[in-house]
1. Pop out the carbon and sulfur fraction of the accessible area of the stretch 27-160 as a percent, whole number, probe 1.4 Å.
2. With the radius of gyration and the Kirkwood radius both derived from the Cα set of the stretch 109-152, what is their ratio Rg to Rh?
3. May I ask for the distance between the Cα centers of the stretch 204-261 and the stretch 113-134, given as a whole number of Å?
4. What does the stretch 57-123 give for Rg and for Dmax, in Å, if only its C-alpha atoms count?
5. What Rg and what Dmax come out for the stretch 188-327 when only alpha-carbon atoms are used, in angstroms?
6. In square nanometres and to one decimal, what's the mean projected area of the convex hull around the Cα atoms of the stretch 221-296?
7. Give me the accessible area per residue for the stretch 83-202, probe 1.4 Å, as a whole number in Å².
8. Under a 1.4 Å probe, what is the accessible area of the stretch 206-346 per residue, stated in Å²?
Amino acid sequence: MQISTRSLSVLVLVLLAAACGSASDPDSMPAANDGGVVQGTVMGGSQNMRVAVPSSSAATSTDTTGGFVLTDVPKGAAALQFSGGGQNATLATAAVVPGEFRRLTVSISGSSATEHNEQTETEFEGTVDAIDGMVLTVAGRKVAVTDATKIRKEDAAATFADLVLGTPVEVEGTLNADGSVTASEISIEDRNEVERIAFVGTLTQIAGNTLTVDGVMVNVGSATVIVRGDTALTLADLKVGDRVLVRGAVQADKSVNATRIRVLQREDEPEEEMHVSGKVAAVGANTFTIGDTVITTDARTEFEGNGLHSLADLKVGDFVFAEVMKQADGSLLAEEVKRFTPPMPG
């Protein structure tokens with residue numbers, strides 16, 4: 001099954017069911033639900049903890065590593081409930097926007113749930129509805145564009161000047177506690193692709209550059225971005241059985257030309273590469289802290305942006321993006337650290 005959007009400003013995400021028939025049969029298309037996907041890790045919770053969206057049917061359980069993938073999260077959902085092993089906690093979080101992918105880390109202690117916002121990543125589409133200095137409004141969210149934000153169009157570099165009112169974009173970045181986003185990358189989408197789609201399904205066949213995802217033919221091109229977490233993949237890395245989130249443009253034959261394929265976390269597979277962003281709270285001999293997250297550096301860590309050449313240049317109060325790898329002991333090792341200047345509204 002598949003669902004197309006009515007316009008570029010609204011992206012529909014659906015959970016595919018294998019029994020729904022061929023993608024080429026328009027009669028098999030379900031009604032739009034505007035849902036999203038939340039992938040996360042629970043720290044301090046019990047195994048097989050139930051994760052649910054209150055007052056909805058969206059629910060799942062954590063695996064042995066505390067990981068979970070929650071699909072079909074209703075548009076506007078602003079809370080997650082965690083229960084099991086004598087614990088019952090509700091987390092208030094930023095409202096989900098249509099077609100959003102979100103990755104977060106939550107600490108549970110009894111009836112208390114805390115989101116580590118410096119680790120919360122978001123990915124969503126929409127149009128630029130307002131511009132205030134270097135802050136955009138996309139899908140109802142304030143999106144801050146910094147000197148570290150990458151802007152791309154058709155796999156080539158673009159500039160802030162290319163972001164005009166009505167521009168269709170895909171935004172990736174850190175979702176802050178107030179619901180705003182600090183953008184790490186903004187991709188300008190093709191204005192002529194008026195029928196876009198996002199859906200979750202299981203990869204059932206790989207034939208050259210064509211995938212079958214629960215009956216939908218997905219075309220992979222040279223510009224298709226394939227990722228797991230923050231790790232870039234190639235077509236050769238995909239495996240039958242992978243659960244994927246596909247974004248792309250619907251073609252006349254009902255196939256989908258994929259712009260982005262995200263491999264969702266496999267059960268009991270720990271997250272590897274991720275990003276942490278925000279204000280530096282502390283700097284040590286070989287570590288720095290953003291929010292509650294301690295990040296280790298070593299000789300391989302790359303530093304850049306606004307005169308940042310080494311950890312010695314980093315100061316408390318600086319704002320940084322850090323690309324990190326989770327180590328076997330659960331610690332985070334920085335691969336790259338970029339200092340940026342938060343924008344001021346115009």
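The values are calculated or read from the model by the stated rules, or taken from the named source; none is laboratory data. Computed from a predicted structure; not experimentally measured. Using ideal geometry, Cβ is built from the backbone for each residue, glycine included, and neighbour counts are taken over all protein chains shown. These area figures cover heavy atoms from the full protein model, side chains too; ligands, DNA and RNA do not enter into them. Shrake-Rupley method; radii C 1.70, N 1.55, O 1.52, S 1.80 Å.
1. C and S fraction of accessible area: 47 percent.
2. Numbers: Rg = 14.5 Å, Rh = 12.9 Å.
Value, to two decimals: 1.12.
3. Distance between centres, Cα-based: 25 Å.
4. Here Rg and the maximum Cα pair distance are 11.8, 33 Å.
5. In order Rg, Dmax, the Cα atoms of the stretch 188-327 give 19.4, 58 Å.
6. Convex hull of Cα atoms, orientation-averaged projection: 7.7 nm².
7. With all protein chains present, the stretch 83-202 gives 37 Å² per residue.
8. On the way: 6530 Å² over 141 residues.
Result: 46 Å² of accessible area for each residue.
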